[in-house]
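The values are calculated or read from the model by the stated rules, or taken from the named source; none is laboratory data. Note that this is a predicted model, so its numbers are computed, not measured. Every residue, glycine as well, gets a Cβ built from its backbone with ideal geometry; the counts of neighbours run over all protein chains shown.
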Amino acid sequence: MFINNSSLALEKDELYTFSTTFKYIHIFEIIGYNVYNKLGIKIMDNNSILEPRKMYFGKIKQEVVDASTKYFDDLVKIANVNEDENDVLSKKYEKNIKNREQKQKKLNVSKGVRTLFIFLVIVGLICFGVGMYFTIVPQNLPIGLSLLIPGIAVAILFFTLIFTYSNKLIKHNQKLFNEAKKEEEQSFNEVKNNIAPLIARFDETIPTKIIRSSVPLIQIDDYFDIKKFEYMNEKYGFMDNEDQNSSTTFVMSGSIVGNPFLLLRNLNKTMYDKLYTGSIVISWSETVSDGKGGTRTIMRTQTLTASVRKPAPRYDYYTHLVYANDAAPKLSFSRKPSGVTPDDEKAIEKFVEKKAEEIRSYADKALKQGKKFTPFTNEKFEALFGGTDRDNEVEFRLLFTPLAQQNLIDLITHKEPFGDDFTIIKRKCLNYLSSNHSQQFDISGDPTNYVHYSVKESRKKFVEYISNYFKGLYFDLAPLISIPLYQQNKPFEYIYKKDYGRNYTSYDEEALVNHFDQSLFLHPASRTHAILKIVDAYRQGKTDQVTVRAHSYRTEPRVDYIPVLGGDGRTHAVPVHWDEYIPLEQDTAVNIKRIGKTRHEFNDQSDKMMNKFGEFISKDNSTYNRGYFGYVSTDNRNIDSEIDEIFRYNDN
C-alpha cells in the first residue's frame, strides 16, 4: 500500500480524505489509465501528451523539423528567390574567397621575405661596423677585415634585392590581392542582393509561429496581453517584476490546455566581493659571512603583495518559466537536479539505494517531530525527484500519479536531450521552473542565428535553430507536461476588466527597452551596464508613455594601505588600489506602441513614418521587436492615431 506508518503524521481530519483518495489512486496504479475512463473522468484531450519524452523523439521532433523546412521553403517562394541561381552565386563567392585567401597568403609571404632582407641588411651593417672597430687596432686587423668585407657585401646585396626583387614582388602580389578582393566583394554583393528579399522576411516571431502551428498542445501568444497578466495577477498572485536589480529582456506567453505560462529572461544585478591586489618592492642590506672568517654586506629585495575585497556589481542573465494551474492548489514544494549520472543503470541504482535510506531516516524523524511526510513506495521516484519539503501529502500524490512518476523518471535518467537539469519550485498554484539548458540558448528568435548568403546553408541553420529552440522550450515544459493532472485541469472562465491604466504589460515593455542602445538611458557618468526598469506608465490611445529608469554605477578610485611584514623585519604599508561603485539613476521618457506587424512589414513603412515624424523619431532613438515599436522622445505630441494610419494596425 501507499500508506506506511509515517502516514500517522497526518492530522485526523485529513486522514479520511487521504485514505479515500488513495483507494482510487491505488486502483489506478494497478490497472492504469483506463480506470478513469470507466469512471467517466476525461483525463486528456486529443492534443494531450501522455509520455512527453517518448512523444518528442517518436513524433514531435520530426514534425517540427518538417514544419520548419516547409516554412522556410514558403518564405523562399514568397521572396521570389531563385535558389539555383543563389547556389551558383554562392559557389562563385566561395571560390573567390579561396582565391583571395591564396593571394593574401602570397602577399604575406612576399612581405615576410622583404622583412628578412631588411633584417639581413641590418646584420650586414652591424658586421661592417664591428669590423671597422677592430681594424683600428693593428693586431685585430684580420678579425676586422673578416667582418667588414662580408658585412658590407651582405648589406649591399640584400639592399639591392629589396628594390630589384622584393618590392616588385610585393607590388605584383598586392595588385593580385586587390583584384581578388574586388572580385570577392563583387560576388558577395551579387549573392547578397540575390538572397536579400528572403532575409528581409526573417523575423523574431518565426520560431513561435512554427511551434504554435506544429504542436497544438503548446499555444504561444503573439504577445503577453495585459488581460492575461491581470488574470495571472488577480487569480494566482503573479506580480510585476518590481525587483530594481532585475530587468526583463525577453518574455513569451502561452498556455497549455488554457493554463497560462510565461518564459522569461531577466538581466539580474548582484553584488560580489571583487578581489584587488597591490604590491611594492622593498630592499635592505644584510651582513653575512664571506666564508673566509670575515663578513660582507649584501642587498636583498622582496616583493610584498596584499589584497582586499570590495563590493562590485555583476550582471547575469537568468531564464525561467512560470506556469499557473489550479490543480493541487494547496501544495508547495521544491526540487533541484539530483546529480545522478544519466544512462548509467548501476550508478542510478546505487544513487537510489543511498537516497532511499536517507529518505526513510528523514521520514522517521518527521514522524517523531509530528511533521506530515509520507514517502512513496516508488523509492526510485522519491529518490530521483525529491520534493521532500512538500506541505500537502494528499495533493502531492494526486499530482504525481504512477504515469507522472514514470514520465519524470524518464526525463531524469536519460542523457538525451538534457538529463536531470531542471529545478521546480511550486508555490500553491504557481510553478517556477528553470533549467541549465535554457540558460545557454538564445531564445530571442534573432534571425542572425540563421542568416547566411547561401539559401541552402541558411535553410540548414534555420531548421537547426528552430529545432533547438523548440527542444529547449519543450523540455522546459516537459516536467509539467509529464503530469497528466495538469493537462486534465482547465481553468475557470475569468471576467476581464474593461479598462486598464496601460495598454501593455511591464514585462513586454521592459523587454522592448532592453533592445535599445543602452547609451540612450545611461547616466553620463556611468561606468557599468544598467538595469532598466519601467517605473511609470500611462496610456495615450494605443501608445504607452513610460519612464525608463536606468540603474548603473559610477566609479571612484580608492586606495587602501595594508600592513605587511617584510623580510627586513619591518611592517610596510602596501597600497591596494580599488574602485568604489556609486549608484546612479537616470530617467528617460519612452513611447511604446504595439504595431503587430512582421519586421518586413514594419520596414516597408518605417521610412514613411520617420520622414513624417523625423523631428523626434529616428533610427538612432527607436527600435522594433516582436511587434512592438518604441522611441525615445521628450515630445508629448500624440501621434498614436497617425502611426495607426501608416501601418493600418487593427488589434481586433
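Could you check segment 458-487 and list, in sequence order, the residues that are under 19 Å from L398 (Cα atoms) and either touching a Phe, Trp or Tyr at 6+ places or on another chain (Cβ under 6 Å) or crowded, with 20+ Cβ neighbours inside 10 Å (or both)?
Correct list: A478, P479, L480, I481, S482, I483, P484, Y486, Q487.
Restricting attention to segment 390-411, which residues are under 28 Å from the mean Cα position of the chain (by Cα) and among the aliphatic types (A, V, I, L, M)?
Within segment 390-411, L408, I409, L411 qualify.
Does segment 301-318 hold any residues that are in contact with an Asp or Glu (Cβ under 6 Å, 6 or more places away or on another chain) and of a type in the set (K, R), and which are they?
Once the filter is applied, which keeps residues that are in contact with an Asp or Glu (Cβ under 6 Å, 6 or more places away or on another chain) and of a type in the set (K, R), segment 301-318 yields only R309.
I'd like the residue in segment 161-219 that is touching a strand residue (DSSP E or B) at 6+ places or on another chain (Cβ under 8 Å) and polar (S, T, N, Q) and, out of all such residues, is farthest from D84 (Cα to Cα).
The selected residue is Q219.
Any idea which of F521, F492 is surrounded by 14 or more Cβ atoms within 10 Å (Cβ to Cβ) and among the aromatic types (F, W, Y)?
F521
Taking the residues in segment 532-550 that are touching an Asp or Glu at 6+ places or on another chain (Cβ under 6 Å) and among the small types (G, A, S) as candidates, determine which candidate is surrounded by the most Cβ atoms within 10 Å (Cβ to Cβ).
The selected residue is A537.
Of the residues K70, K171, K91, which is without any contact (Cβ under 8 Å) to a residue 12 or more places away in the chain, surrounded by fewer than 13 Cβ atoms within 10 Å (Cβ to Cβ) and under 51 Å from the mean Cα position of the chain (by Cα)?
K171
Hey, could you check segment 412-460 for residues that are part of a loop (DSSP other than H, G, I, E, B) and of a type in the set (A, V, I, L, M, F, W, C) and say which is nearest to the chain's Cα centre (by Cα)?
Ranking the candidates gives F441 first.
Restricting to segment 359-368, name every residue that is of a type in the set (G, A, S) and surrounded by 12 or more Cβ atoms within 10 Å (Cβ to Cβ).
Scanning segment 359-368 gives A363, A366.
Would you confirm whether any residue within segment 283-295 is modelled with pLDDT of 95 or more and touching an Asp or Glu at 6+ places or on another chain (Cβ under 8 Å)?
no
Considering only segment 241-294, how many residues are closer than 30 Å to Y504 by Cβ, part of a strand (DSSP E or B) and of a type in the set (G, A, S)?
Matching residues across segment 241-294 total 5.
Consider K542 carefully, then state whether it is of a type in the set (D, E, K, R), more than 28 Å from the chain's Cα centre (by Cα) and under 24 Å from D203 (Cβ atoms).
For K542, the condition - of a type in the set (D, E, K, R), more than 28 Å from the chain's Cα centre (by Cα) and under 24 Å from D203 (Cβ atoms) - is met.
Report yes if K533 is under 27 Å from S253 (Cα atoms) and modelled with pLDDT under 95, otherwise no.
No, not satisfied.
Does N625 fit the bill of being over 29 Å from D203 (Cβ atoms) and of a type outside the set (D, E)?
Spelling it out, it is not the case that N625 is over 29 Å from D203 (Cβ atoms) and of a type outside the set (D, E).
Keeping to segment 337-358, report how many residues are surrounded by 14 or more Cβ atoms within 10 Å (Cβ to Cβ) and either of a type outside the set (V, I, T) or not assigned by TED's automatic domain parsing to the domain that holds L433 (or both).
Final tally of qualifying residues: 6.
For G387, work out the one condition from (1) part of a helix (DSSP H, G or I); (2) under 36 Å from the mean Cα position of the chain (by Cα); (3) closer than 30 Å to F492 by Cα it doesn't fulfil.
(1) is the only condition that G387 fails.
State whether one or more residues within segment 458-476 are assigned by TED's automatic domain parsing to the domain that holds D243, farther than 30 Å from K95 by Cβ and among the small types (G, A, S).
No - not one qualifying residue is present in segment 458-476.
Within segment 392-411, does at least one residue satisfy the condition of being farther than 17 Å from T341 by Cα, small (G, A, S), in the same structural domain as F373 (by TED's automatic domain parsing) and assigned to a loop (DSSP other than H, G, I, E, B)?
No: segment 392-411 contains no residue that is farther than 17 Å from T341 by Cα, small (G, A, S), in the same structural domain as F373 (by TED's automatic domain parsing) and assigned to a loop (DSSP other than H, G, I, E, B).
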